Amino acid sequence: MMMVAAPDTTSALICSVVNQVLQHPDIHKRLVSELKAATAAGNLDHPVATFAQIKSLSFMTACIQESARLFPSIPVLIPRRVSQRGMVLKGYFIPEKTAIGASAAVINRNTDVFGADAAAFRPERWLEHSDRVAQMHRSIGSCSAGDLVLGSALGRIWRCWRRVSSVSR
């Protein structure tokens, strides 16, 4: 997997998460409930929670993963070269060393992997059957499954959420 890590890609992911959560009242309600429960239980340090604490927020993590899947931060083709002996794709022969590319936005909407509702924002898909989730992680074409990128986004979203929620009280 690949994720171009820079402020622009991180901010694009954060905007995507906030946008999608606010457009889906049921998801917003569930996320707020998770955050309130974790705060009430003393599971989140104030004013900045640790990465381990934030990572334990399973629904928030699912919202981030779903946003990254549907709205990849890299709007370019993922470049590849065809291997030795070439390949046949959809009945067409492609010679070896030919430059080809794949769109993360298309890869991440594959209904064979992400389900019939692959075009829909549904974070719950990341909390379902572990075999399917493992396959989704292997198939996603837009971001790293690594803790560094996810942790950075989680931390920024949490700090932003704390500021917004304190203003709206």
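Which of the peptides 63-74, 45-56 is most tightly packed, and how do the rest follow, judged by the mean count of other Cβ atoms within 10 Å per residue?
63-74, 45-56
Amide H neighbours of S103 under 5 Å, at least 5 residues apart or on other chains, H built in the peptide plane: list them.
I78
State, to one decimal in nm, how far the label point of R80 lies from the label point of T98, with both points 7 Å from Cα in the Cβ direction.
Spacing of the two 7 Å Cα→Cβ label points: 1.3 nm.
Compute the distance in nm between two label points, each set 7 Å from the Cα along the Cα-to-Cβ direction, one at L127 and one at D112.
2.9 nm
I'd like the FRET efficiency for L89 and D8, computed as 1/(1 + (r/R0)^6) with the beta carbon distance as r and R0 of 41 Å, rounded to 0.05.
0.80
What is the sum of charges, Lys and Arg at +1 and Asp and Glu at -1, for the other residues whose Cβ falls under 15 Å from the Cβ of K97?
My count for the surroundings of K97 gives +2.
What does the convex hull of the Cα atoms come to per residue for region 65-127, in Å³?
With only Cα atoms used, region 65-127 gives 102 Å³ per residue.
Can you run phi through the Karplus equation (6.51, -1.76, 1.60; θ = phi - 60°) for region 60-71 and list ³J(HN,Hα) in whole Hz, with x for Gly and Pro?
4, 4, 5, 4, 5, 4, 5, 5, 5, 5, 6, 10
Report the gain in length on full extension from Q53 to D26: 0.36 nm times residue separation, minus Cα-Cα distance, nm rounded to one decimal.
Length gained, Q53 through D26: 7.4 nm.
The numbers here are math on the coordinates, done by the rules we state, and not lab data. Note that the structure is a prediction, hence the values are computed from the model and not measured. Note that we place each Cβ from the backbone using ideal geometry, even for glycine, and neighbour counts take in every protein chain shown.
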